[in-house]
1. How big, in percent, is the set of alpha carbon pairs in the stretch 24-111 lying more than 20 Å apart?
2. How would Y148, Y241 rank on accessible area, largest to smallest, probe 1.4 Å?
3. Mind checking the per residue accessible area of the stretch 9-48 for me, 1.4 Å probe, whole number of Å²?
Amino acid sequence: MPAGNVARSRIRDLVEQLTDQDRLVLRALATHRVLTSHQVTEMAFNSPSTARRRMKDLEDKGAVHRFRPCAENGSHPLHLILSPAGAAVLAVEMGEEPGPAARRALGDRRFILMSGLRLTRLLGVDAFRAALESHAREHPDAAVEQWYGADEIPDMNVPRGLDRPDAVLIWRDGPHRSVLAVEFDTGTEQPRRLADRVARYAYARPRRPQGDEPVEREDPVVLFVFGSTLRESNARATLTYFADEVPIATGVWRPGTSPAGALWLPWDRQTRTTLARLGEARHRSTPDPTP
């Protein structure tokens with residue numbers, strides 16, 4: 001039997017052994033494709049010790065693979081990906097054929113060998129979503145209404161002809177809602193490269209036949225997520241040219257904290273606002289007066 005196929009009897013056995021919380025973990029891995037043990041704990045468990053036991057049990061059942069990437073200094077946490085059997089179970093429970101899902105999971109073993117920088121970016125974006133999901137668990141009025149990873153972004157509401165954002169999401173918190181295109185900074189790119197990303201958004205916006213004004217639509221706010229105030233400050237100094245055409249916001253966020261709070265500075269504002277209220281800031285045409 002090819003490695004990407006899973007016997008029906010194996011799927012049935014695994015279905016009978018999985019708990020609802022196990023399924024939550026598997027669905028998260030199907031969405032993110034790779035998560036650290038810390039991120040899984042944040043998304044699905046209230047106790048780290050319970051999370052460790054369940055993740056080890058899922059590995060013993062053959063539903064996930066765990067690995068620890070090499071690190072030049074120190075050590076990385078354990079990472080998890082779906083096994084072909086785990087992916088097949090999810091597919092069957094959704095009424096789909098298990099074979100394609102199992103083969104996709106088999107291909108995802110490449111994450112084990114992925115370069116450090118690419119994995120860092122991917123895990124940073126995953127940590128951002130995990131923190132939002134954690135916030136939503138504690139705040140019933142908040143929710144990630146939609147989330148698209150870089151490989152999943154549909155054409156609607158997303159500019160074409162550019163390097164894909166790291167994610168596009170709709171975040172709701174109480175009565176407020178924002179559509180966001182996330183650009184996650186790993187701290188390695190020159191600020192000039194960040195400005196190039198904004199230029200692509202500006203050039204990609206559809207225009208009226210006269211070519212004078214962009215067509216009205218709900219473009220996402222381009223959200224630059226930085227790891228330090230110095231990186232944010234240096235980047236904002238270079239993001240000026242297209243700031244009148246593209247809605248931009250920047251902020252400093254660190255894993256383990258909630259991104260939902262007033263961390264984000266829209267381009268035309270002097271004060272930071274919450275993630276959900278960035279949608280309101282996008283519609284303002286004049287900046288706040290300087291205090």
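1. Working: 1268 of 3828 pairs.
The answer is 33 percent, as a whole percent.
2. On the way: Y148 60, Y241 180 Å².
From most exposed to least exposed: Y241, Y148.
3. Values: 1920 Å² over 40 residues.
Accessible area per residue, the stretch 9-48: 48 Å².
The values are calculated or read from the model by the stated rules, or taken from the named source; none is laboratory data. Computed from a predicted model, the values in this text were never measured in an experiment. These area figures cover heavy atoms from the full protein model, side chains too; ligands, DNA and RNA do not enter into them. Shrake-Rupley method; radii C 1.70, N 1.55, O 1.52, S 1.80 Å.
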